[in-house]
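K.L.:
Take a look at this one; I'll ask things after.
The values are calculated or read from the model by the stated rules, or taken from the named source; none is laboratory data. Please read all numbers here as calculations on a predicted model, not as lab measurements. So basically every Cβ, Gly included, is an ideal-geometry build from the backbone, and we count neighbours across all protein chains shown. With ligands, DNA and RNA removed, areas are computed over all heavy atoms of the protein, side chains included. Shrake-Rupley method; radii C 1.70, N 1.55, O 1.52, S 1.80 Å.
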Amino acid sequence: MTFDVGLVFGSIPKMLVGLGLTLELLFLSSFIGLALALVTLLMRISGRWFLVTPAVVYIYIFRGTPILVQIFVIYYGLPQFEFIREGMLWPLLREPFWCCILALSLNAGAYVSEILRGGVLGVDKGLLEAASALGISKTHRFIYITSPIAIRLSLPAYSNDIISMTKATALASTVTLLDMTGVARTLVAQTFAPYEIFISVALIYIAMAWMIQKGFGMAEKRMSRHLKPTAG
Amino acid sequence: MSEQESIIILENVCKYFGDFKALSDVNLTVQKGERIVVCGPSGSGKSTMIRCINRLEEHDSGRIIVAGKELTREVKDIDAVRREVGMVFQSFNLFPHLKVLDNLTLALKLVRKTPKSEARQIATRYLERVHIPDQADKYPSQLSGGQQQRVAIARALCMNPEVMLFDEPTSALDPEMINEVLDVMVELAKEGMTMICVTHEMGFARSIADSVVFMDKGEIVEAERPDVFFNNPSNERTKLFLSQILTH
């Protein structure tokens with residue numbers, strides 16, 4: 001068996017057919033995940049046990065189980081329940097796409113809330129004392145002092161998580177979706193050349209990861225302007 | 001002096017950190033316009049005492065009355081009191097992500113609801129007062145320590161407080177920058193600002209303090225006019241402390 005370099009690069013355009021779905025999965029679940037993360041974070045740092053406990057349990061469950069298992073549980077497991085099949089969300093939950101979005105979002109929510117919490121804990125207590133001493137309320141302290149600083153501190157870990165998410169979207173192919181990996185699997189079935197086809201798809205994932213890393217790198221630089229002393 | 005002019009009253013204030021008694025029956029009355037310097041060995045409760053005055057620390061027993069309001073668990077009262085009490089910290093605590101001007105205007109906008117242009121005017125005026133009007137558009141990290149601390153003083157003054165608390169404002173500074181900060185504080189004192197300063201700058205204490213308070217082990221050991229305090233201290237612990245810090 002010979003390695004066909006031409007096939008590797010020739011397959012890239014075909015792979016891009018699945019790129020749209022991969023990006024949709026990535027953007028939607030990152031967005032919903034971020035919203036979930038914010039809610040979870042606020043619950044987690046509220047200091048009230050009836051908010052902290054559900055947040056901790058949620059994080060514990062979704063960090064502690066593989067995304068693949070979560071997708072399977074949601075996709076194959078939920079329809080077992082009568083009330084779900086008759087519930088309002090069934091039109092969504094019967095679709096493998098929305099099952100994946102749900103699993104990926106819940107996963108991102110759990111991870112990102114912990115990343116943000118790290119950022120919040122990293123904010124110098126002295127700054128918050130200074131703000132308190134000026135009579136700035138707790139809510140305003142969180143919005144104007146804690147948040148901007150915590151976001152900057154969280155950015156490196158967050159970009160890491162988005163890259164993980166990009167790769168996790170490949171799991172959608174296990175529940176019949178034709179994202180990039182799904183397309184690749186179809187192509188393998190047609191060409192019987194798994195080596196070339198999967199390397200081809202790997203190259204696209206690498207390119208995506210590179211772009212995400214660059215993008216966040218630029219954002220990080222921009223948000224750290226104030227830390228760089230200038231001459232004079 | 002009449003009760004009315006007492007801007008800060010501490011009555012039998014006690015404060016614990018776990019089992020450690022940080023403040024032990026502290027009594028202190030500060031009149032309007034009075035300048036108090038607090039000194040003492042580290043761990044003696046100086047910082048804790050002034051941090052109780054704007055309730056960055058909560059006292060466990062006794063009473064604290066600031067600008068006529070007793071400090072209790074009621075949150076509304078606390079923010080009202082904090083508006084009247086400016087504080088300057090050892091580590092400056094400027095907001096690193098905001099430019100100098102925005103550091104000064106943030107509380108004006110959020111707390112006093114001052115319109116933007118007016119807030120800028122006020123901020124500029126106070127930056128001039130601490131002699132750094134040209135640094136308004138820089139970030140704190142671009143300033144020297146002395147400049148940062150002067151920005152912090154200006155930030156507190158913007159709220160037009162009745163009292164200023166200084167918590168070792170020069171301890172984190174390089175020696176050559178101490179004077180520029182002390183100069184600003186002396187100017188403030190001369191303008192009649194009520195001040196409580198935790199500091200070991202004894203020259204400053206001598207020249208501007210109405211009263212020097214010496215604390216040890218959470219107690220106020222001695223409170224005297226500076227000339228009496230430095231030349232004729234009555235308490236043995238004060239004598240020992242002074243001999244330790246004035247030998248060199």
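Yes or no, residue by residue, for (1) closer than 17 Å to residue B:214 by Cα; (2) not hydrophobic (A, V, I, L, M, F, W, C):
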position: B:10; (1), (2): yes, no
position: B:13; (1), (2): yes, no
position: B:19; (1), (2): no, yes
position: B:30; (1), (2): yes, no
position: B:46; (1), (2): yes, yes
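K.L.:
Let me ask something additional. Being in contact with a Leu (Cβ under 8 Å, 6 or more places away or on another chain), modelled with pLDDT of 90 or more and under 17 Å from residue B:213 (Cβ atoms), is that true of even one residue in segment B:64-76?
P.N.:
Looking for residues that are in contact with a Leu (Cβ under 8 Å, 6 or more places away or on another chain), modelled with pLDDT of 90 or more and under 17 Å from residue B:213 (Cβ atoms), one finds at least one in segment B:64-76, hence yes.
K.L.:
Moving on. Can you go through A:9, A:50 and tell me which one is assigned to a helix (DSSP H, G or I), of a type in the set (Phe, Trp, Tyr) and either touching a residue at least 24 places away in the same chain (Cβ under 8 Å) or touching a helix residue (DSSP H, G or I) at 6+ places or on another chain (Cβ under 8 Å) (or both)?
P.N.:
A:9
K.L.:
Ok, one more. Would you mind finding the one in B:53, B:78, B:8, B:64 that is buried (at least 23 other Cβ atoms within 10 Å of the Cβ), within 11 Å of chain A (Cβ to nearest Cβ) and among the hydrophobic types (A, V, I, L, M, F, W, C)?
P.N.:
Of the residues listed, the single one that is buried (at least 23 other Cβ atoms within 10 Å of the Cβ), within 11 Å of chain A (Cβ to nearest Cβ) and among the hydrophobic types (A, V, I, L, M, F, W, C) is B:53.
K.L.:
Of A:110, A:130, which residue is part of a helix (DSSP H, G or I), modelled with pLDDT of 95 or more, within 11 Å of another protein chain (Cβ to nearest Cβ) and farther than 17 Å from residue A:175 by Cβ?
P.N.:
Within the list A:110, A:130, the selection yields A:130.
K.L.:
Give A:131, A:103 a once-over and let me know the one that is surrounded by 21 or more Cβ atoms within 10 Å (Cβ to Cβ) and free of Cβ contacts under 8 Å to residues at least 24 places away in the same chain.
P.N.:
Exactly one residue qualifies, and that residue is A:131.
K.L.:
Given the criteria open to solvent by 10 Å² or more (accessible area, probe 1.4 Å), more than 14 Å from every other protein chain (Cβ to nearest Cβ), small (Gly, Ala, Ser) and out of contact with any Gly (no Cβ under 9 Å at 6 or more places or on another chain), does residue A:118 qualify?
P.N.:
Yes.
K.L.:
So, in segment B:167-198, exactly how many residues are more than 12 Å from every other protein chain (Cβ to nearest Cβ), on the phi < 0 side of the Ramachandran plot and buried (at least 16 other Cβ atoms within 10 Å of the Cβ)?
P.N.:
19
K.L.:
Go through segment B:91-119 and report how many residues are surrounded by 18 or more Cβ atoms within 10 Å (Cβ to Cβ) and more than 12 Å from chain A (Cβ to nearest Cβ).
P.N.:
Residues flagged as surrounded by 18 or more Cβ atoms within 10 Å (Cβ to Cβ) and more than 12 Å from chain A (Cβ to nearest Cβ) within segment B:91-119 amount to 3.
K.L.:
Taking residue A:96, is it surrounded by fewer than 19 Cβ atoms within 10 Å (Cβ to Cβ) and under 20 Å from the mean Cα position of the chain (by Cα)?
P.N.:
yes
K.L.:
Let me ask something additional. Might you check whether a residue that is on the phi < 0 side of the Ramachandran plot, within 14 Å of chain B (Cβ to nearest Cβ), part of a helix (DSSP H, G or I) and open to solvent by less than 50 Å² (accessible area, probe 1.4 Å) occurs anywhere in segment A:155-175?
P.N.:
yes
K.L.:
Just to check your reading of the model, which residue among A:151, A:143 is within 14 Å of chain B (Cβ to nearest Cβ) and over 20 Å from the mean Cα position of the chain (by Cα)?
P.N.:
Testing whether each residue is within 14 Å of chain B (Cβ to nearest Cβ) and over 20 Å from the mean Cα position of the chain (by Cα) leaves just A:143.
K.L.:
Specify which of the listed residues (B:90, B:142, B:121, B:148) is of a type in the set (S, T, N, Q) and touching a strand residue (DSSP E or B) at 6+ places or on another chain (Cβ under 6 Å).
P.N.:
None of the other options fit; the residue is B:90.
K.L.:
Further question on the same structure: Could you list, in sequence order, all residues of segment B:81-90 that are among the charged types (D, E, K, R) and more than 8 Å from every other protein chain (Cβ to nearest Cβ)?
P.N.:
B:84
K.L.:
Filter segment A:113-127 for residues that are free of Cβ contacts under 8 Å to residues at least 40 places away in the same chain, part of a helix (DSSP H, G or I) and within 24 Å of the chain's Cα centre (by Cα) and give the result.
P.N.:
A:118, A:119, A:121
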